[in-house]
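Nothing in this text is a laboratory measurement; each read-out follows from the coordinates by a stated rule. From a predicted model like this one, the values you see are computed outputs, not experimental measurements.
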Amino acid sequence: MRIGVLTGGGDCPGLNAVIRAVVRTAVGKYGHAVVGFEDGWRGLLQDRKVVLLNDDRNDRLLAKGGTVLGTARTNPTKLQAGLETIKQTLDDNGIDVLIPIGGEGTLTAASWLSDEGVNVVGVPKTIDNDIDCTDVTFGHDTAVSVATDAIDRLHTTAESHQRVMLVEVMGRHAGWIALASGLASGAHLILVPEQPFDVDEVCRTVKRRFQRGDKHFICVVAEGAEPDPRSMKLADGGIDEFGHKRFTGVAHQLAIEIERRIGKEVRTTVLGHIQRGGTPTPFDRVLATRFGTCAVEAAQAGDFGKMVALHGTKIELVPLADATRRLKTVPEQRYQEASVFFG
Ligand code: F6P
């Protein structure tokens, strides 16, 4: 059997651990061949670059961040129009099964290919943790660890200067990173895309804390968090070439409003891609490894059109169509649970 692998969308700590596990299981256990396509779907659509993966290339990949195959975002419309080209490239390279490792966009394309009869087993990745039908995706734990460490550090400087600190973390549609890092680091407020915030209410919460005699205020803001437009309007950044809303810096704009409305000194830290780079945590290495192994086992069993997923402690298969139907966002009840610690 010849198995094709690609990594698509934003990179994510643990991608190399999946690639390693796919190669080890496919080549080492079953004697199959593994072909890596570079730069996500673009490799299949344009360059048709192929790299034959074997155990020699496999060494020391576990701890390596990023992806050795390279990755790219691809416009979904162009991708849909290019499905025939992708199928042709797969045929030209004698690929029997494709294992795309990616987020919502990559897995949606995988689902389209599966509908067209291509043998596909998807592996979910995203630091945002917004893929449905799996408890968690690898990369998320690393991002939360990086953010938590950063917020822990901000506490001491904020306290020394009696400042308000806003920390912007990633999370386009879902506030999982903000929620987890905010809870883990004892933040005094968490703002997530799922719950529009009222700027006056934020200001009241900040004031109350200082009036009680506390010396600092830490607020974790997901990059996709939005104010209730009646309380503040965010600058409009338009839409990028991949159909995503361009962010204009919610934390920075909120900082200006807090200073203006209540006269507190505010500083902003935007963690950005630091959350996505570097070595994966042990949790992510293990999850990524189990996902990679399970994907090859599914290919071996002929169980196609599926995505590997974590349910409790088990790795299971779910239909790609189910996993890509909607994004997994933070439920209201989870946010309410965290709000006990606000203020
Ligand atoms: O991969 C998800 C993500 O990290 C989002 O949280 C973030 O909005 C986006 O990717 C950033 O993408 P890019 O690397 O293309 O700027």
The chain, helix-only ellipticity at 222 nm - DSSP H runs n ≥ 4, -39,500 (n - 2.57), divided by all residues, nearest 500: -11500 deg cm²/dmol
All lysines inside 19 Å of Lys207 as judged from Cα atoms, apart from same-chain residues fewer than 8 positions distant: Lys215, Lys264
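Counting pairs of alpha carbon atoms under 8 Å apart in space and at least six apart in sequence, what relative contact order in percent does the chain give?
Normalised by residue count, the contact order of the chain is 23 percent.
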For Leu53, residues with placed amide H under 5 Å, excluding near neighbours: Val34, Val35, Gly36
Calculated from backbone phi, Karplus (6.51, -1.76, 1.60) coupling profile of segment 186-195 in Hz, x at Gly/Pro: x, 5, 9, 7, 10, 10, 10, x, 6, 10
Residues with amide H under 5 Å from that of Lys328, placed H, sequence gap 5 or more: Ile131, Asp132
Estimated vicinal HN-Hα couplings, Hz - segment 122-134 in sequence order (Karplus 6.51, -1.76, 1.60; Gly, Pro = x): x, 10, x, 9, 4, 5, 6, 6, 9, 7, 6, 6, 10
Rounded, prolate or oblate (a/c below 1.5 giving rounded, otherwise prolate when a/b exceeds b/c) for segment 142-275 by Cα gyration tensor: oblate
Whole-Å distance, taken between Cα centres, linking segment 148-195 and segment 1-62: 35
Residue-by-residue Karplus 3J(HN,Hα) for segment 231-242, coefficients 6.51, -1.76, 1.60, Hz, glycine and proline x: 9, 5, 10, 7, 4, 9, x, x, 10, 8, 5, 9
